[in-house]
Every structure is written in C-alpha cells, then in structure tokens.
Ligand SMILES: Nc1ncnc2c1ncn2[C@@H]1O[C@H](COP(=O)(O)OP(=O)(O)OP(=O)(O)O)[C@@H](O)[C@H]1O
Ligand SMILES: [Mg+2]
C-alpha cells in the first residue's frame, strides 16, 4: 500500500484547514509563553500554500513538498517559518522524483524533515519545542514499521506518540525560542509548536487512513 | 482601541508606501518581497549593510536606511521577523561588490530567517557576514535560554557600523566594529503601559495604574519584575545599576548614553530621565562623551523607556560623529 501524490496534496490541504480552524487556539498557546503569533504565522503560510496547489498539482511528491517548504519559508516568518520550511524542503529532497511513497519512503521523508528542524533550530529533546512532539513520532513510526505493521496502523501509532510528546511539553521549562525568556514561568503550558506539529501528523494519519493496508 | 489604522492587515504596507513618497530623496521601497533600500544602492566598493525585524519598532530599521547607516532594511509583519526571500533580494540589491553585513537582533525567528538568507546569498556568490546584537541585561544569559535580546544597542551599532562602511573598510573590519559596539553596550528597559498589537486590538498585558514593569523587551514580553511606581531618580537608578555592573562600566570610562522612548512617552519625560542619568553617571566619574535622546527603537504605543550605554573610544566617537542622512537620524550634512 502506498501514498500517492494526490494523497500528499490532500494531506497538505487538510492540514491548512486544521490550522485555519485552530488559529486562535495556537495563538492563545503562544500568548501564554511567547508573543502570541504562532496561529497567525502558520495560517498565513498554509493559506499561501493552498493558493499554490494548482502550481504543483502535477509535479512529483518531492517537488510538491519542496514547493510547500519554499512557500512557508517566504510567508511565515518567525521561528516556525524556517523550521517548518526546512522540514518540508528536506522531506522533499528525500522523496525527489517519487510519484508514490511506501511506508519506508515516508519514514525517510519524516526522518529528513525532523533532522532538518534539529539542524536549523539546534533544539534537543526536552527543550519544549516542536522537536519534543516530532522525535517520538518518528521513533514510533520506525518501531511500528519494524514490527511489521502496515502504513495506516503505523501512521496512527506515530500520531499517538506525537500527541504524547506534545502533552509532555506541559511541565517542561523552555530552553529554546521566545518561551525561554520566561524561565520557570514557561512550565505549566503546552508548547504551541509541538501542538501544530501534532496536528500535522494527525492530519496525515486521518487523511491517509482510508488507504487499505 | 483608538488608532489611526485603516485595517490592521494593511498597516505595514501603507506605512511603506508613505515612507517611499515622504522620503523619495533618500530611499526606495521594493514590494513583494518587501524591503526599503537606499536610493543610490548599490554603492560600488562599499560593504552593504542590511538589517531587519518585525515592524512596530519605528523608526528602526527602515527609518535608518540612507547615507552613513543602513543600505537596506526588511520589515516583517508587526513583531514577526521578516522572511529569507526578502533578505536575499535586499542583499542582492545592496551588494556593491564588497560583500554584505547582516545586523540581526537576537531572537530565534530573526536568527533562523537571516541564517537561511545568508546561506542562499552565499549560494549566489555574495560574501555575507552576520553580527547578532544581544545587549538586554534584563535577560539572564545562560546556556538554557535563547540568550539576551537585541535591543537599544542595535540603533547605535547601525549608525557606527554604517559610518565604518562609508569609509570603504572591508567586510571583516566593518563586522568587527559592529561586534565591538555590541560587546561594549548594555541596555535595560521599563514600561509604564503595555502596547497594543494592531491585529490583536487589545493591550498585550495589563499593568495597573500605579505599577510599572522593569526589564521589558520591545514586543510586550514580560519583564524581570513588576512593582509600584517610583520616582524618576529611583527608576533611572534601577535601570542603570544592572547595566553598569554587567559590563562593568568603571570610573573614568567614556560612554555614549542613549535614553530611548518606547513609543508612548513624550520627549519631555525622556529628558527628565536623561537628567537623572547624567547625575548618576557624573557621581561615578563616568563621562558622557555623546548622547542620543528620543524614541528610536519603539514598541508600538508602549509608554516607558530604555537606557543604553556603550563604552566609547576615540575611533567609535569619530564614527558616531560622521555624517548620516536617513529619515530617522540626520546630522553633519
Ligand atoms: N530552536 C528551536 N527549535 C525548534 N523549535 C523551535 C525553536 N525555537 C522555537 N521553536 C518552536 O517555534 C514555536 C514558536 O513559533 P512562532 O511561529 O510563534 O515563532 P516566534 O518564535 O514567535 O517567532 P518571532 O520571534 O519572530 O515572532 C515554539 O512553540 C517552538 O515549538
Ligand atoms: Mg510566537
């Protein structure tokens, strides 16, 4: 079972809608420990991506993801623009020329994307960032795949681990980004970037769930 | 919210259009991607200097584009860093063959976007150096934070570095001057009121009538402490003490003293602060070699001020005195 190019585009569009619906929530999370712009930043970026769909609808998956990345880099700003932009650019490089993705291809794409975020932002696990949601998601995806589970089940496991990682940011003290200025006062709040990352992988699990194993 | 704003989403664009027509002799504005550039850019053989950041701090940075200061500035949305495509186009537009210096305030968003832009510009064969300003003593500098924020020193560094570039010094030397100003400068700010981000439409935080916040940044971030209002002498002392101790500044030092308004405080009050500052420094035998008083790095309509001190030597003083001709700062010409 594979994820085709059109499935990838459907996932991106679904995510843009999730962001639009949750814009106020993401911004509220960012007001608590940041500067209250994460929802606005992400929505600006993904609305721009949505408007670009006709331009990349006939390209290969690598090119689709790269265009998403470039669009985010040039429209989001803030910390999340270069971070999510790099995620999609790297995932695009890992899937260059492909018209469909096997489970292993998706693992390679996610690995490249998360590596890109870490390379750019230099965050470690536990710094209270999106990395805290994404690394467990990648880990769970790999474990699920090596235990022989198929694509939809592995995506589900990955999204569930991502949610756990997101929830686990609540008690943490931020060591990266704006929230780190608050020191101890950043504890007790969920990280906005980890929240938008969970929405991303949750959207993948949901929009690709109907693909038979 | 009572504001001279048509639509919050148009505020940055309308201000750019106005700057282009009000200062057509000094600057040009490029749209999509947005940047403000010196009218005569690129200046051949001169290091180009680019800065940028979120909007809402005017006149910084766009108001400092012109002879003797910045070659270009990239404005982001209000309080949000600009994007690499803006920075790349601006870098190309001001490269006169001697390379380009990026002056970046230390915020994760600004750092990451400028890093990507520098990578892209280098990919196109342009020599780029970046200097990060991080002068805010209100933030504890430790391995466990994103580090100190770039604030007041940025304005002074842009002026002094711009003068060095105007003398056609090479990129490395121009960057070193900028690093030196940052290394020898410290800032501390305070707020009497919050600011109101246009898109949010309400104050970022509540500050009761009889309280103030010490150690604020320039984006309505919380400060170090909140307390009852005190006399101007006491407030000035609270701002200056951590600055003096941090570098440290010593008896016999010469300084550039900068009293900056946050956007909602009248110049009259800034002079009252300057008066107290001069007394405190005089008492410690620290000489005010040069000064700047006014609102140059603001936080929208926040009331309050910041104090920046930079330790000066003869070279820095002569670069400070050099002519500058920008919408926001102009002398010697
Ligand atoms: N160094 C980093 N590495 C990984 N993620 C980071 C890093 N710094 C911040 N983040 C993530 O970015 C999120 C904040 O993104 P947001 O869009 O609000 O940008 P911002 O930091 O406010 O940018 P700006 O300061 O320019 O406004 C955080 O919740 C965190 O998950
Ligand atoms: Mg933010």
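The values are calculated or read from the model by the stated rules, or taken from the named source; none is laboratory data. It should be emphasised that the depicted structure is a prediction, and the values quoted were computed from it without experimental measurement. Here Cβ is always computed from backbone atoms with ideal geometry, including for glycine, and neighbour counts include all displayed protein chains.
Screening the stretch B:117-152 for residues that are away from every other protein chain (no Cβ under 12 Å) and in a strand (DSSP E or B) and picking the one that is nearest to residue B:42 (Cα to Cα) gives B:128.
Do you know which residues across the stretch B:61-76 are over 14 Å from residue A:79 (Cβ atoms) and in a strand (DSSP E or B)? Break it down stepwise before answering.
Of the residues in the stretch B:61-76, the ones over 14 Å from residue A:79 (Cβ atoms) are B:61-75.
Correct list: B:65, B:67, B:70, B:72, B:73, B:74, B:75.
Report whether or not residue B:88 is within 14 Å of chain A (Cβ to nearest Cβ), over 13 Å from the mean Cα position of the chain (by Cα), surrounded by 22 or more Cβ atoms within 10 Å (Cβ to Cβ) and part of a helix (DSSP H, G or I). In short, yes.
Any residue at all in the stretch A:159-174 that's more than 17 Å from the chain's Cα centre (by Cα), within 14 Å of chain B (Cβ to nearest Cβ) and within 16 Å of ligand 2 (Cβ to nearest atom)? Within the stretch A:159-174, one or more residues are more than 17 Å from the chain's Cα centre (by Cα), within 14 Å of chain B (Cβ to nearest Cβ) and within 16 Å of ligand 2 (Cβ to nearest atom).
Okay, residues lined up against (1) away from every other protein chain (no Cβ under 14 Å); (2) out of contact with any strand residue (DSSP E or B) (no Cβ under 8 Å at 6 or more places or on another chain); (3) within 15 Å of ligand 1 (Cβ to nearest atom); (4) within 16 Å of residue A:62 (Cα to Cα):
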residue	(1), (2), (3), (4)
A:76	no, yes, yes, no
A:86	no, yes, yes, yes
A:92	yes, yes, no, yes
A:104	yes, yes, no, yes
A:111	yes, yes, no, yes
A:118	no, yes, yes, no
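Counted as qualifying within the stretch B:182-266 are the strands (runs of 3 or more DSSP E) with 2 or more residues that are away from every other protein chain (no Cβ under 14 Å) and surrounded by fewer than 19 Cβ atoms within 10 Å (Cβ to Cβ), namely B:225-228.
When the helices (runs of 4 or more DSSP H) confined to the stretch A:4-71 are screened for residues that are modelled with pLDDT of 95 or more and within 16 Å of ligand 2 (Cβ to nearest atom), those reaching at least 2 such residues are found at A:23-33, A:38-56.
This table checks each residue for (1) under 24 Å from residue B:294 (Cα atoms); (2) modelled with pLDDT of 95 or more; (3) within 21 Å of the chain's Cα centre (by Cα).
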position: B:167; (1), (2), (3): no, yes, no
position: B:175; (1), (2), (3): no, yes, yes
position: B:194; (1), (2), (3): yes, no, yes
position: B:207; (1), (2), (3): yes, no, no
position: B:221; (1), (2), (3): yes, no, yes
position: B:265; (1), (2), (3): yes, yes, yes
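Whenever a residue of the stretch B:105-133 is within 16 Å of ligand 2 (Cβ to nearest atom), its partners that are part of a strand (DSSP E or B), lying with C-beta atoms within less than 7 angstrom and at least six residues away or across chains, give the pairs B:105/B:53; B:105/B:133; B:106/B:132; B:106/B:133; B:110/B:53; B:110/B:104; B:111/B:104; B:111/B:132.
Counting only residues that are more than 15 Å from ligand 1 (Cβ to nearest atom) and either under 20 Å from the mean Cα position of the chain (by Cα) or at positive phi (or both), how many does the stretch B:95-120 have? Quick ask: steps written out before the conclusion?
To start, the set of residues in the stretch B:95-120 that are more than 15 Å from ligand 1 (Cβ to nearest atom) comprises B:95-103, B:118-120.
Next, from what is left, pick out any that are either under 20 Å from the mean Cα position of the chain (by Cα) or at positive phi (or both): B:97, B:99-103.
Residues that pass the stated criteria total 6.
Scanning the stretch A:14-42 for residues that are away from ligand 1 (no atom under 14 Å from the Cβ) and buried (at least 16 other Cβ atoms within 10 Å of the Cβ) gives A:14, A:15, A:16, A:18.
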